[in-house]
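Encoded as structure tokens, the structure appears first; notes follow it.
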Amino acid sequence: MAQLSPDQVIEEFKRKTRRSYELYIRAKKLMPLGVSASIKHMEPYPLYFTKGEGAIVYDVDGNEYIDLCCAYGALFIGHSNEMLVEAIKKRVSEGALFGGEWEDSYEVSKLLTSAWNLDMVRFSSTGLEAVLHSLRIARAYTAREKVIKFQGCYHGGVDQLLVSVSPPVGMLGSRKMPLAVRESLGIPSDLQRNTLVALYNDLNSVEEILRKHENEVAAIIVEPVALNMGVVPPKKGFLDGLRKLSDEYGIVLIFDEIKTAGRIAKGGATEKFGVKPDIAVVGKAIGGGLPFSAIIGREEIMRVIEQRRVAHSGTFSGNPLSLTAAKVVMEKILTQDAYSHVYRLSEEISNAFSDILRDSGVKGVVQHIGPSGHFYPGVEDVVENYRGACRQDPVKWRTYWIYMAVKGVIIEPSIPLDCWTVPISLKSSDYIIEQLKRLPQLLKN
């Protein structure tokens, strides 16, 4: 394809995806925005897919894409992994769900407690469920109600935490005391009063809150790598500082590792950075594409489920299909060789992308950790928090997304999420880098 203008790239996208457009027109009559989850919607319309094999997905128009979205990291292992497919087929033939406990739930619990160096496990099906229950456990354990979360961090659709997830620039507040801004209508104001917002990578803002609410905070919940504002790793000492403050004030420290578990290391950010939370909430990549989540915690905290009858249940929690997937993924797929491979490919993409931007004079920052990375168009400095992420140019980012889709590479469609994850099944970064070489001229238009 010859060099095109941004408008011409959009027209090329529409030409190649006419069947997706037709499905969108039909679907939005029955489904709000034409999709099953709002995150799947994009402009000018969402793509509709038919199948995936390895690192490749196919849409309804027959277009083939390298999949760097990986179902938002949940398919880090790639599509249709043979070991997983065979294990799931066997499990379905022997029973997909029981009213009682499945025999291998203990074995999967051992894998998780070992990887996170924690004591006990309760299973759920989604990140939302696991986060919701982790907060309930923390509040019961401490007999307190308030929770500290970080501006720009996302923890699923839990009402108490749908606060300051993506606030507009005019409603950020100060660095020491970010504003608590509800993300959605329908959230009771009473819940918002128990949610305190701090600035990611800034311990001073956490300390400021704790001085004002010393004996009221039950938990600090954090994405140990902030993947809802692009890719923002923790600054040196940040996670250690949260650990120390939690110990000092008797607070439960919760790492929301739904996105990082199994992706940046088998034991997630806990393993990567060597800081142990009181509770780790894990999911996505560990489940290999099946609905899976788990709460892993210290015994003293987790025992409140027994001692004080803290409610935790779910028909599909710990179901045999999801636990079979988790067992195969953790025992057979997430090997050191696999991590070495994706770390290398992601670094190749990140370094090449940064060189391309520098040589072309186009403003932008590329940040990555492990297999995941993000391009911040229009930004010149390292992004350390949500305020920094807000400086990126959303128009240029959308042009970038559509251009890559036209060239056969899918990244996450919702700014400012982490825009690529290299799947284990990707063999080479060469084609991706070749397409990036043509991007600067387009962004200059």
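The table below gives the values:
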item	result
Set A311, A269, A280: member being in a strand (DSSP E or B) and on the phi < 0 side of the Ramachandran plot	A280
Complete set of residues in the range 289-304 that are more than 23 Å from the chain's Cα centre (by Cα) and either in the same structural domain as A71 (by TED's automatic domain parsing) or buried (at least 20 other Cβ atoms within 10 Å of the Cβ) (or both)	I301, M302
Search result, residues across the range 87-128 that are closer than 17 Å to M302 by Cα and modelled with pLDDT under 95	none
Any strands (runs of 3 or more DSSP E) falling wholly within the range 62-174 and containing at least 1 residues that are under 30 Å from V206 (Cα atoms) and in contact (Cβ under 8 Å) with a residue 60 or more places away in the chain	120-124, 146-150
Criterion: touching a helix residue (DSSP H, G or I) at 6+ places or on another chain (Cβ under 6 Å) and within 30 Å of F98 (Cα to Cα) - qualifying residue of L334, L323	L323
Of residues in the range 1-11 being aliphatic (A, V, I, L, M) and surrounded by 13 or more Cβ atoms within 10 Å (Cβ to Cβ), the one farthest from I410 (Cα to Cα)	L4
Filtered residues of the range 196-240 (kept if touching a His at 6+ places or on another chain (Cβ under 7 Å) and over 9 Å from F150 (Cβ atoms))	L196, G230, V231
In the range 97-155, the residues that are aliphatic (A, V, I, L, M) and within 17 Å of P320 (Cβ to Cβ)	L97, V108, L111, L112, V121
Check on G289, over 19 Å from D256 (Cα atoms), assigned to a loop (DSSP other than H, G, I, E, B) and not β-branched (V, I, T)	no
Output for the range 315-352, where each listed residue is among the β-branched types (V, I, T) and either in contact with a His (Cβ under 6 Å, 6 or more places away or on another chain) or outside any helix (DSSP H, G or I) (or both)	T315, T335
Hits in the range 12-38 (condition: surrounded by 15 or more Cβ atoms within 10 Å (Cβ to Cβ) and either of a type outside the set (K, R) or outside the structural domain of G408 (by TED's automatic domain parsing) (or both))	E12, F13, T17, S20, Y21, L23, Y24, A27, L33, G34, V35
Residue match in the range 250-267 (condition: charged (D, E, K, R), over 17 Å from the mean Cα position of the chain (by Cα) and surrounded by 24 or more Cβ atoms within 10 Å (Cβ to Cβ))	no
Per-region count, the range 29-58, residues closer than 25 Å to V395 by Cβ, in a loop (DSSP other than H, G, I, E, B) and of a type outside the set (S, T, Y)	8
Matching residues in the range 167-205 - criterion: being of a type in the set (K, R) and either surrounded by fewer than 18 Cβ atoms within 10 Å (Cβ to Cβ) or touching a Ser or Thr at 6+ places or on another chain (Cβ under 6 Å) (or both)	R175, K176, R193
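The values are calculated or read from the model by the stated rules, or taken from the named source; none is laboratory data. Values in this document were obtained by computation on a predicted structure and should not be read as measured data. FYI the Cβ positions are ideal-geometry reconstructions off the backbone, even for glycines, and counts take in every protein chain you see.
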